Amino acid sequence: MGHSNFIKDGGITAFADASFFSKDAILKCLYWFGDKFHTTVLVKDDENTYIITLKPLDTANVKEEDLDHYLQKLERDLIDFQLRDTITKETQNVRDLLVAKAFSHGEFDEDPPGVVSDPVGFNPKSIDNNNNPLK
């Protein structure tokens, strides 16, 4: 059953479907609200839903009329951090390969397969290591 996010009694309450949003994405998102809000996350086990509440800190000077802006920001940021989490998981292998290559010190360097050429006719093998033309 879907819930609608709302503002009540000077606080924000939002609901996030646990089958869509990961706990890590929610916590990373809420971290950035910590300077202005006291945040809590509860899990409704029977509905597989996270209940997120944000209460303005006394020192934050958050006005009642600004809460709608923060609710919209929370909704956008939840999607943003979930997408970042998904991309991180999907590209983990590529990142691991790049790090391994960066620290391999040339141990596993190979010439790429095929012929090295340039469509405009530049021959990279026609210069030495000091960028001087070979004779």
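Structure notes:
- Within the span defined as segment 54-75, every residue fails to be over 23 Å from A14 (Cα atoms), within 22 Å of the chain's Cα centre (by Cα) and of a type in the set (D, E).
- Residues satisfying the stated conditions in segment 2-38, i.e. among the charged types (D, E, K, R), farther than 15 Å from H69 by Cβ and touching a strand residue (DSSP E or B) at 6+ places or on another chain (Cβ under 7 Å): D17
- Pairs, first closer than 14 Å to F37 by Cα in segment 4-20, second outside any strand (DSSP E or B) and of a type in the set (S, T, Y), C-beta under 7 Å, six or more apart: I12/Y70
- Being of a type in the set (G, A, S), touching a residue at least 40 places away in the same chain (Cβ under 8 Å) and either touching a Phe, Trp or Tyr at 6+ places or on another chain (Cβ under 6 Å) or assigned to a helix (DSSP H, G or I) (or both) is a description that does not apply to A100.
- Checked against the criterion of being buried (at least 17 other Cβ atoms within 10 Å of the Cβ), modelled with pLDDT of 95 or more and not basic (K, R), segment 86-97 has no qualifying residue.
The values are calculated or read from the model by the stated rules, or taken from the named source; none is laboratory data. Bear in mind the structure is a predicted one, so any value in this text is a computation, not a measurement. For neighbour counting, all protein chains shown are included, and Cβ atoms are generated from backbone atoms with ideal geometry for every residue, glycine included.
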